[in-house]
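Below you'll find the structure, written out as structure tokens, and then a few comments.
Laboratory data are not the source of any read-out in this text; all were calculated from the coordinates shown. Note that the structure is a prediction, hence the values are computed from the model and not measured. In this analysis, Cβ positions are derived from the backbone assuming ideal geometry, glycine residues included, and neighbour counts consider all displayed protein chains.
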Amino acid sequence: MQNTQQRRVAFVTGASRGIGQAVAVGLAQAGYDVVITDLARQEADLRKTAGLITALDRKAYTYLADVSKKDEVDATVQAALRDAGRIDVLVNNAGILKLSLLQDLDEATWDAHFDVNVKGVLLMCQAIVPHMRARKSGRVINIASIAGRQGVANQGHYAATKSAVITLTRVLAQEAGMDGITVNAICPGIILTEMGRNNLGSDEAVRHWEEVAALKRLGTPEDIVGPVCFFASEQSAFVTGQALNVCGGIYFH
Ligand code: NAP
């Protein structure tokens, strides 16, 4: 039986697979009940994530929503607050990456990346941070990318969105800190999810980046869990507005 005084609720977007699923399950292992969301087309996989959470004796609250649509975000957050009662931690994980040279990039692809990767973060924060402000406590954790720090060929539009996420992190940290809310970003390196594998494209590319990495391997979704739990926890109470590379040593700035 959970102690309601100590009950904590985390909210993870894009939680049907990859980093979002690992983070949702990792937060459940750390003792959180977890609100999980993803696009409607991912409903079956999202329910699998819910099953992994409930197998840990934590509650899973499951909603289908597109983070780039304000009406869907607002309705989902309202439903989550009604059903779960509180949101202590927001993990903005949902994101997209379609490779293209800047020269060839079409307008729709540019817009889609900024709608999901940047506006999605803004809309989620606008919906949830007021609830955190009212409680004078909260943790926002944005999943950015090392691409947003250094820029990567074929990912100019994606890298620009992730630079924007790092900037939004720094600004929201300044705007929400007085209400006991910390806002931090994680910059994963190459993580072997569907997105990570599509990005690399070949076994040769995997081997190349394994060789480049100081730790001589690429990341797994579980590698992102510890840093998320740190930013979610009291251990990071005096850390805000920061962006942490979690990349096995392929990028050092
Ligand atoms: P993934 O395997 O592609 O999973 C992303 C999830 O987000 C998918 O379920 C996807 O659904 C969902 N999603 C996409 N658009 C959405 C929207 N508008 N609203 C709600 N959900 C949406 O990606 P991942 O590798 O786990 O990446 C998770 C996060 O880490 C992303 O922000 C990504 O940019 C970041 N990241 C990943 C890597 C890497 O190497 N994997 C590196 C650096 C940063 P659909 O598949 O149906 O679109």
Pairwise label distance in nanometres, Gln235 with Gln174, each label 7 Å out on the Cα-Cβ vector
3.0 nm
With a point put 7 Å past each Cα toward its Cβ, work out how far Glu222 is from Leu99 in nm, to one decimal.
2.8 nm
Contour minus Cα-Cα span, Arg207 to Asp74, at 0.36 nm per residue, comes to 43.6 nm
With Ala159 itself left out, Lys, Arg at +1 and Asp, Glu at -1 over residues whose Cβ is under 15 Å from its Cβ give +3
Sum -39500 (n - 2.57) across every DSSP H segment of at least 4 residues in the chain, then divide by the residue count to get the 222 nm mean residue ellipticity, nearest 500.
-13500 deg cm²/dmol
Under the Karplus relation 6.51 cos²θ - 1.76 cosθ + 1.60, θ = phi - 60°, what is the ordered set of whole-Hz ³J(HN,Hα) values for the range 190-195, x standing for Gly and Pro?
8, 10, 7, 10, 4, 5
For Lys119, which aspartates and glutamates qualify as cross-link partners when the Cα separation must be under 15 Å and same-chain residues fewer than eight apart are set aside?
Asp66, Asp71, Glu72, Asp74, Asp111
In nm, the gap between the two label points placed 7 Å beyond Cα toward Cβ at Ala40 and Thr54 is 2.3 nm
Quick query: amide H of Asn245 versus all other amide H atoms, modeled in the peptide plane; which residues come in under 5 Å with a sequence gap of 5 or more or a different chain?
Cys187
Name the most mobile residue of Val183, Val118, Val212, meaning the one with the largest mean-square fluctuation, in a Gaussian network model of the chain with Cα contacts below 10 Å.
Val212
Once the piece of chain linking Ser137 and Arg7 is laid out straight, how much longer is it, given 0.36 nm per residue of separation minus the C-alpha distance between them?
45.4 nm
What translational diffusion coefficient, to the nearest whole µm²/s, does the range 41-155 have by Stokes-Einstein, given a Kirkwood radius computed over alpha-carbon pairs, a temperature of 25 °C and 0.890 mPa s viscosity?
153 µm²/s
For every other residue with a beta carbon closer than 14 angstrom to the beta carbon of Val34, add +1 if it is Lys or Arg and -1 if Asp or Glu, then tell me the sum.
+3
Roughly how big is the range 142-253's charge dipole about its Cα centre, with Cβ charges of +1 (Lys, Arg) and -1 (Asp, Glu), in debye to the nearest 20?
240 debye
Ranking Ala232, Leu52, Ala127 by how far each Cα lies towards the positive end of the charge dipole of the chain (+1 on Lys and Arg Cβ, -1 on Asp and Glu Cβ), the top one is Ala232
Aspartates and glutamates with Cα under 19 Å of Lys136, excluding same-chain neighbours fewer than 8 positions away:
Asp88, Glu175, Asp179, Glu234
To make sure I understand the rule: partners must be lysines, Cα under 22 Å from the Cα of Lys48, and not fewer than 8 residues away in the same chain. Which ones qualify?
Lys59
Taking the Cα centre of the chain as origin, sum charge times position over the Cβ atoms of Lys and Arg (+1) and Asp and Glu (-1), and report the length of that vector in debye to the nearest 20.
740 debye
Whole-Hz Karplus ³J(HN,Hα) for the range 237-253, in order, using 6.51 cos²θ - 1.76 cosθ + 1.60 and θ = phi - 60°, x for Gly and Pro?
4, 9, 10, 8, x, 9, 10, 9, 6, 10, 9, x, x, 10, 8, 10, 10
